[in-house]
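What follows is a set of notes on a single structure, which appears directly below.
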Amino acid sequence: MRPNESSLTSLISAFGRAYHSQYDTPKIFDDYVAQELISKKEISEISENMINGIQFFNEGIAQTLQGKSEEVLKWITQVQLSPTPLARAAYCEKVLLNEIMLGLEQYVILGAGLDTFCIRHPELEKTLEIFEIDHPSTQEFKKKRLDNANLLTPGNLHFVSMDFTKKFSFQKLIDEGFENKKTFFSLLGVSYYLTKEENSRLISSLFAKAPIGSSIVFDYADENLFEEKGISNRVENMVKMASASGESMKSCFTYNEIEHMLEKSGLLIYEHLSPVKINDRFFSNRTDYLTAFETIHYIHAVKK
């Protein structure tokens, strides 16, 4: 990544959330702040690239919707881009808010990208410390966008610059005020881009010193990731797009592999959502194109 630039995946994710907030009904996850962190030029360029690339996504849809640019963009966004970022955020924040009701005071977001939780929940400024961990370039990009949007950085938000794909550093967290108490971690849209060994090492590092009751929500791809086509080849397209952007997907897991990895770090799976369960919970009774993404699962695991 170049200085002061966000990763392409974080921009696309924010675009998907912003589009959903503006145009989709009913809302799965209403990130009404996301659009303020993306420039009009970026929104225009992403939209144009998606519309012009409809042949890549689906030749049949390209012919059916020929000349209908807005409907093409809706199809691509709802089928390809939005489902996972929307549902995983909705799930994670529901778990998080429940933990806060139970007294949680510390939240760590790994691979935060353009996450907007702290901006959307100013009422938590005095009760919840939030630590956003990401690549230094991504964080500088986000700080600049917050300034451009005249959004003040809340006093409870701490930016922790770290390439945790290489080595996780608790000291950097401690330097920003992190304390040894029950913590909730989120790891969304990250596990695919790490090897199995890197995922295992990261989870182990996170919970080596975390108190009992600390937990994590993360998403992962199952063992069919590199074989599944998906609706309109969207799973295959996702893998291809990630590779083309320079952020290749590296890992997928069986449920038993995930369970074993978590057990080694003293974690028990509290809840597992398969694609079918995700679809039932977040996408049922819709009349648009939005459906749960094949091969993608969510986990909430707790340190025993």
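Among the residues of this structure, LEU81 does not count as one that is closer than 21 Å to SER243 by Cα, open to solvent by 30 Å² or more (accessible area, probe 1.4 Å) and either touching a Leu at 6+ places or on another chain (Cβ under 9 Å) or in contact (Cβ under 8 Å) with a residue 40 or more places away in the chain (or both). Whenever a residue of region 138-158 is part of a loop (DSSP other than H, G, I, E, B), its partners that are surrounded by 13 or more Cβ atoms within 10 Å (Cβ to Cβ) and β-branched (Val, Ile, Thr), lying with C-beta atoms within less than 8 angstrom and at least six residues away or across chains, give the pairs LEU151/VAL33; LEU151/ILE119; PRO154/ILE119; PRO154/ILE130; ASN156/ILE130. Would you confirm whether or not region 23-40 contains a residue that is of a type in the set (S, T, N, Q), crowded, with 17+ Cβ neighbours inside 10 Å and part of a helix (DSSP H, G or I)? Yes, because at least one residue in region 23-40 is of a type in the set (S, T, N, Q), crowded, with 17+ Cβ neighbours inside 10 Å and part of a helix (DSSP H, G or I). Of all residues in region 175-194, those satisfying the criterion of being under 26 Å from GLU247 (Cα atoms) and not in a loop (DSSP other than H, G, I, E, B) are PHE185, SER186, LEU187, SER191, TYR192, TYR193. As a summary of the residue check, HIS297 satisfies the conditions (1) out of contact with any strand residue (DSSP E or B) (no Cβ under 9 Å at 6 or more places or on another chain); (2) of a type outside the set (Asp, Glu); (3) not in a helix (DSSP H, G or I) except for the one numbered (1). Of all residues in region 210-247, those satisfying the criterion of being of a type in the set (Gly, Ala, Ser), out of contact with any helix residue (DSSP H, G or I) (no Cβ under 6 Å at 6 or more places or on another chain) and in a loop (DSSP other than H, G, I, E, B) are ALA210, GLY213, SER214, GLY230, GLY246.
Just to be sure before I move on: is LEU86 in a helix (DSSP H, G or I), of a type in the set (A, V, I, L, M, F, W, C), within 16 Å of PHE15 (Cα to Cα) and more than 19 Å from the chain's Cα centre (by Cα) in the structure I sent?
For LEU86, the condition - in a helix (DSSP H, G or I), of a type in the set (A, V, I, L, M, F, W, C), within 16 Å of PHE15 (Cα to Cα) and more than 19 Å from the chain's Cα centre (by Cα) - is not met.
In region 248-282, what residues are assigned to a loop (DSSP other than H, G, I, E, B), touching a Phe, Trp or Tyr at 6+ places or on another chain (Cβ under 8 Å) and within 20 Å of LEU86 (Cα to Cα)? MET249 - this is the single residue of region 248-282 that is assigned to a loop (DSSP other than H, G, I, E, B), touching a Phe, Trp or Tyr at 6+ places or on another chain (Cβ under 8 Å) and within 20 Å of LEU86 (Cα to Cα).
Does region 208-231 contain any residue that is modelled with pLDDT under 95 and surrounded by 15 or more Cβ atoms within 10 Å (Cβ to Cβ)? Among the residues of region 208-231, at least one is modelled with pLDDT under 95 and surrounded by 15 or more Cβ atoms within 10 Å (Cβ to Cβ), which makes the answer yes. Given the structure, is THR295 open to solvent by less than 70 Å² (accessible area, probe 1.4 Å), among the β-branched types (Val, Ile, Thr) and at positive phi? So THR295 fits the description; yes. Do the conditions hold for GLN171, that is, is it modelled with pLDDT under 95, part of a helix (DSSP H, G or I), under 30 Å from SER248 (Cα atoms) and open to solvent by less than 20 Å² (accessible area, probe 1.4 Å)? So GLN171 does not fit the description; no.
The values are calculated or read from the model by the stated rules, or taken from the named source; none is laboratory data. What you are looking at is a predicted structure, and each value in this text was computed from that prediction instead of being measured. A quick note on method: Cβ atoms are made from the backbone with ideal geometry, for glycine too, and the neighbour counts reach across all protein chains shown. These area figures cover heavy atoms from the full protein model, side chains too; ligands, DNA and RNA do not enter into them. Shrake-Rupley method; radii C 1.70, N 1.55, O 1.52, S 1.80 Å.
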